[in-house]
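Colleague: Got a structure here, written out as structure tokens. Questions coming.
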Amino acid sequence: MANTWGYGAMTNSLGDIQNAKAIIIFGANPAVNHPVGFRHFLMAKERNNAQLIVVDPRFTKTAAKADLFAQIRPGTDIPFMYGMLHIIFKNGWHKKDFIDQRVYGMEDVMKEAKKWTPSLTANVTGVSEDLLIQITRAYAKSTPGTLIWAMGLTQHSIGSSNTRMAPILQLALGNMGEEGGGCNILRGHDNVQGATDMCCLSHTLPGYYGLSAGSWKYFAKSWGVDYEWLAGRFKDKKWMSKKGFTLARWYAGVLAGKAGEDKIHNGGTNLKALFVMGNGITSISQQAKVKEALDALDLIVLADPFVNEAAILTDKKDDVFILPAATQFETSGSVTATNRSAQWRSEVVKPMYESKTDHDIMFELAKRLGFYDQFTKGMLIKENKKSFKFPEDATDEIARIIKTIGLTGWTSKRLKKHQENWHLFDQVSMRGIGPMKGEYYGLPWPCWTESHCGSPVLYDVHRPVKEGGMGFRNRFGLVHDGVSQLAGVGIKDAKVEGGYPEITAKNIEKVLGIKLSEDEKKKIGKNWKVDTSGIIAAKCMEFGIAPYGNAKARAKVWTFPDQIPMHREPLHSPREDLVKKYPTYKDKPNHYRVDTRYASVQNKEDWSKKFPINLVTGRLVNLNGAGVENRASKYLAALTPEMFCDINPNLAANHGIRDGDMMWIHSPEGTKIKVKAHYSYSVGEDRVFIPFHFAGFFQGEDRTGNYPEGTKPYAVGESANTVTNYGYDIITQIPETKGGLCRVEKA
Ligand SMILES: Nc1nc2c(c(=O)[nH]1)N[C@H]1C(S)=C(S)[C@@H](COP(=O)(O)OP(=O)(O)OC[C@H]3O[C@@H](n4cnc5c(=O)[nH]c(N)nc54)[C@H](O)[C@@H]3O)O[C@H]1N2
Ligand SMILES: Nc1nc2c(c(=O)[nH]1)N[C@H]1C(S)=C(S)[C@@H](COP(=O)(O)OP(=O)(O)OC[C@H]3O[C@@H](n4cnc5c(=O)[nH]c(N)nc54)[C@H](O)[C@@H]3O)O[C@H]1N2
Ligand SMILES: [Mo]
């Protein structure tokens, strides 16, 4: 369900990984977290003799299958990638033509990479010079190479810079827009891609439309509701354009005003009620604060098929409601996979007992709150209906409105046809055969029109647009610092040569060299994103171009605090000497409504003195997320019956901790958890690993008496998030749950 954790979609697909000649993985453990998809990685090894390279602070199950493994210090992936680029540029292994034609700002990257000599990189990352050189050669010399990442790269105060650095490495090697290449981000939950595309987030409207008045007006019109009515739902019109709180920091909205808490900018009020639909709550960093916030709320509503463990964590006795939600098996509709393909799902059983589906819960809420008609009107508009059929009409509404990422082709009719014929598609190329010939499985977006085939590989200029080709999007103007932002290469078979801007009503005649009829001029929307007439999309298809332009990818983002990605030490770093050289950001006021601390935390003291151990958190194969679903299964729970900590035997023994002993983990926040020591050489002596799937205990206290009778899961334990450190990304506010410090002690 909705969350703020993931970043980006796959440019290619899981199957396409079979085309890779080399694979490099930063901060993902697919053997555990994407075990079905991991098959394609192993196939690439078998088919192409592809080198599998894993960069991770732990020796994971994925690392066990790797040809080369770098045990990196947490939070130092940017230095590692600059270290690779240093060697690549020095040896001329980069793709010069590709960079010239399709990338803006690579000179700045080259300048920074020059500093990251193998010896400096080794000092900062903990990976030896020899191994760095070996990895770089193996990866750069075997193209196309695919770059994989997941949460090990994102959950840092510099997570957004990390996710820019990885594509830069791929751009330098010309690995973008190629089969077997690309940035393949392994996403999280079932349909997390769909939730992101629908922007269940606090800073955009669906389809990434932003919060400008123009976007709101487009949606008001598309939903058939009055813009002024929408504005009237806000305290004041000015709040329409302001970002809301994030999932990571809602607690700050409750606690603001108390001594020592971060200030908020929320129109003079604190948050008083919490409605949860599909989040475990114990998965959120700063659990002690989260608990305090839960206790302070006036109202808590938990819509969940299980007993959401927020109810176990809180001491609040009144006004905590659990609404029994149905599961995904008790409903139907479209979901979006990690590679941008849609899948239609059918209901397996009717909602059981008194449970209701999520959409019914929302419809009932909208009725009680008095805006049901406005909430559902968008589903009636297309055919001027009196009543709607869910979810088909909702899917068709999305297809009608969302142009930005090209969902026009995703009608419920087409998606159902793909579901019925999934056996007629090839797993690697995703191409259909027989009656599905000419389409790619699940119509991966952008799917520009109701007859477009979908786009299996983003930014691929070697294939015509009608077969899924396109350039990089033109989003940031035509010229910057006197340099053209348009691509120096055209798309195959396009009737427009070279790069071109995003298509608008104003420039369409000039770019395509056509004359619009008077009727077309009347109907056409301002630009391709809001053109409900379909004229721009149709003309673009006729001319073989993608409506969003053909531009250069930006290695340099001139509006960000770091224009090119820069290394910055985590807020809690084990290397005080490097904090001085690579300090974090200045504190950031009003970051999604909350004043967020950076330098003031990092500089408060030399954290490494009292908390010398790196704290790495992550996942187990048998448990998912906050874990309540799987810990309620006898068989899955039996594999890890209690919360534990992977600790290097040398580190443990030096603290008098035996294998199987209980131990304390203390955090710089002053919080602690009591867990079972699990001897493991997968971590070095300077770090420990804990999974975050447990709940039911809090700082040594057994709270399992709070489970309503018969609902206590088979496995319970401390939440890792009680000891994850304060720290949030400067752009997205993802918590720094993979880059903190701790201290260990025998319990
Ligand atoms: N079985 C199972 N599968 C899942 C899930 C689950 O809970 N259980 N959750 C799903 C979800 S929501 C998601 S988002 C995905 C996440 O999938 P992954 O991102 O693969 O999951 P993690 O185990 O959290 O983190 C991956 C790796 O990052 C490493 N890491 C930590 N810090 C760093 C660092 O600074 N640099 C580098 N290079 N690596 C680092 C960790 O050691 C870990 O091995 O999995 C999905 N699949
Ligand atoms: N320390 C640390 N913390 C982390 C992470 C980490 O790596 N380290 N990873 C982060 C990441 S990437 C993620 S995605 C989050 C995951 O954490 P959560 O988002 O908390 O993930 P889930 O356990 O999947 O929680 C889903 C909740 O939804 C309920 N649910 C399941 N199906 C349905 C449904 O159909 N409808 C409704 N209404 N509810 C349903 C489940 O019972 C459960 O209570 O954790 C984050 N927290
Ligand atoms: Mo996730």
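Colleague: Run the dipole for the range 15-185 about the Cα centre, Lys and Arg Cβ at +1, Asp and Glu Cβ at -1, nothing else charged, and hand back the magnitude in debye, nearest 20.
Modeller: 200 debye
Colleague: If the cut-off is a Cα-Cα distance under 26 Å, which lysines reach residue 510, setting aside same-chain residues fewer than 8 apart in sequence?
Modeller: Answer for residue 510, where 26 Å is the Cα cut-off: 403, 466, 492, 495, 521, 522, 523, 526, 529, 539, 552, listed by chain and number.
Colleague: List the relative contact order of the range 607-746 as a percent without decimals, with contacts defined as Cα pairs under 8 Å and 6+ residues apart.
Modeller: The value is 36 percent.
Colleague: Let me ask something additional. What is the order of 582, 139, fewest Cβ neighbours within 10 Å to most?
Modeller: Ordered by Cβ neighbours within 10 Å, fewest first: 582, 139.
Colleague: Once the dipole of the chain is set up with Lys and Arg at +1 and Asp and Glu at -1 on Cβ about the Cα centre, which of 184, 149, 405 lies farthest towards its positive end?
Modeller: Going by the charge dipole, the pick is 405.
Colleague: Something else now. Between residue 359 and residue 212, 0.36 nm times their residue separation minus their Cα-Cα distance comes to what? Let's see the in-between values first.
Modeller: Numbers: separation 147, 0.36 × 147 = 52.92 nm, distance 2.73 nm.
That pair, residue 359 and residue 212, stretches by 50.2 nm at full extension.
Colleague: Using a/c under 1.5 as the rounded threshold, could you call the range 642-747 rounded, prolate or oblate? The axes a ≥ b ≥ c are square roots of the C-alpha gyration tensor eigenvalues, and prolate needs a/b larger than b/c, oblate otherwise.
Modeller: Here the range 642-747 falls in the oblate category.
Colleague: If a/c stays under 1.5 just call it rounded; otherwise compare a/b with b/c (prolate if a/b is bigger, oblate if not). Do that for the range 153-245, with a ≥ b ≥ c from the square roots of the Cα gyration tensor eigenvalues.
Modeller: prolate
Colleague: Let me ask something else. Rounded to the nearest Å, what's the spacing between the alpha carbon centres of the range 406-484 and the range 184-202? Just the number, please.
Modeller: 18 Å
Colleague: Once the piece of chain linking residue 61 and residue 91 is laid out straight, how much longer is it, given 0.36 nm per residue of separation minus the C-alpha distance between them?
Modeller: The span from residue 61 to residue 91 would gain 7.5 nm if fully extended.
Colleague: Kindly rank 439-447, 363-371, 631-639 from highest to lowest mean number of other beta carbons found within 10 Å of each residue. Kindly include the intermediate steps, with their values, before the conclusion.
Modeller: Details: 439-447: 26.3, 363-371: 12.9, 631-639: 15.7.
Ranked from most to least packed, the peptides come out as 439-447, 631-639, 363-371.
Colleague: Going by how many other beta carbons lie within 10 Å of each one, how would you line up 171, 323, fewest first?
Modeller: Placing the least packed residue first, the sequence is 323, 171.
Colleague: What percentages, rounded to whole numbers, describe P(r) for the chain computed over all alpha carbon pairs with 20 Å bin width beginning at zero?
Modeller: 16, 51, 31, 2, 0
Colleague: Another question, then. Between residue 437 and residue 478, 0.36 nm times their residue separation minus their Cα-Cα distance comes to what?
Modeller: Stretched out fully, the residue 437 to residue 478 stretch lengthens by 11.0 nm.
Colleague: Distance between Cα centroids, the range 687-712 to the range 259-299: provide it in whole Å.
Modeller: 19 Å
Colleague: Taking other Cβ within 10 Å of each residue's Cβ, how do 345, 597 sort, fewest first? Please list the in-between numbers first.
Modeller: Details: 345 17, 597 20.
Result, fewest neighbours first: 345, 597.
Colleague: Right, another one. For a quick protection proxy, order the peptides 172-181, 113-122, 100-109 by their average other-Cβ count within 10 Å, most packed first.
Modeller: Peptide ranking by packing, descending: 172-181, 100-109, 113-122.
Colleague: With +1 on the Cβ of every Lys and Arg and -1 on the Cβ of every Asp and Glu, and nothing else charged, how large is the dipole of the chain about its Cα centre, in debye rounded to the nearest 20?
Modeller: It works out to roughly 1420 debye.
Colleague: What whole number of Å gives the distance from the Cα centroid of the range 302-337 to the Cα centroid of the range 27-64?
Modeller: Taking the Cα centre of the range 302-337 as reference, the centre of the range 27-64 is 33 Å away.
Colleague: Using alpha-carbon pairs under 8 Å, 6+ residues apart, how would you state the relative contact order of the chain in percent?
Modeller: Answer for the chain is 15 percent.
Colleague: Next up: Which order do peptides 22-35, 40-53, 599-612, 486-499 fall in by mean Cβ count within 10 Å, highest first? Please report the intermediate quantities before stating the final value.
Modeller: Details: 22-35: 23.1, 40-53: 19.1, 599-612: 15.0, 486-499: 17.4.
The most tightly packed comes first, giving 22-35, 40-53, 486-499, 599-612.
Colleague: Go through 28, 163, 70 and say which Cα lies farthest out towards the positive end of the charge dipole of the range 15-185; charges sit on Cβ, +1 for Lys and Arg, -1 for Asp and Glu.
Modeller: 70
Colleague: Among 449, 472, 342, whose Cα sits farthest toward the positive end of the charge dipole of the range 339-472 (+1 at Cβ of Lys/Arg, -1 at Cβ of Asp/Glu, about the Cα centre)?
Modeller: My answer, from the dipole projection, is 449.
Colleague: Counting pairs of Cα atoms in the range 15-185, how many percent are more than 25 Å apart?
Modeller: That fraction is 23 percent.
Colleague: How high is the relative contact order of the range 1-130, in percent, with contacts defined as C-alpha pairs under 8 Å that are six or more residues apart?
Modeller: After rounding, I find 20 percent.
Colleague: Can you work out the FRET efficiency for the pair residue 653 and residue 318, with r the C-beta to C-beta distance and R0 = 45 Å, to the nearest 0.05? Intermediate results must be reported in sequence, preceding the final value.
Modeller: Details: r = 49 Å, r/R0 = 1.09.
Using R0 = 45 Å, I get an efficiency of 0.40.
Colleague: Once amide H atoms are built 1.01 Å from N in the peptide plane, which residues 5 or more positions from residue 185, or in another chain, come under 5 Å H to H?
Modeller: For residue 185, the qualifying residues are 10, 11, 149.
Colleague: Right, next: Given only helices, namely DSSP H runs of n ≥ 4 each adding -39500 (n - 2.57), what is the per-residue ellipticity at 222 nm of the chain, to the nearest 500 deg cm²/dmol?
Modeller: Rounded to the nearest 500, the figure is -7500 deg cm²/dmol.
Every read-out reported here was derived from the displayed coordinates using simple, explicitly stated rules and does not represent laboratory data. Values in this document were obtained by computation on a predicted structure and should not be read as measured data. Using ideal geometry, Cβ is built from the backbone for each residue, glycine included, and neighbour counts are taken over all protein chains shown.
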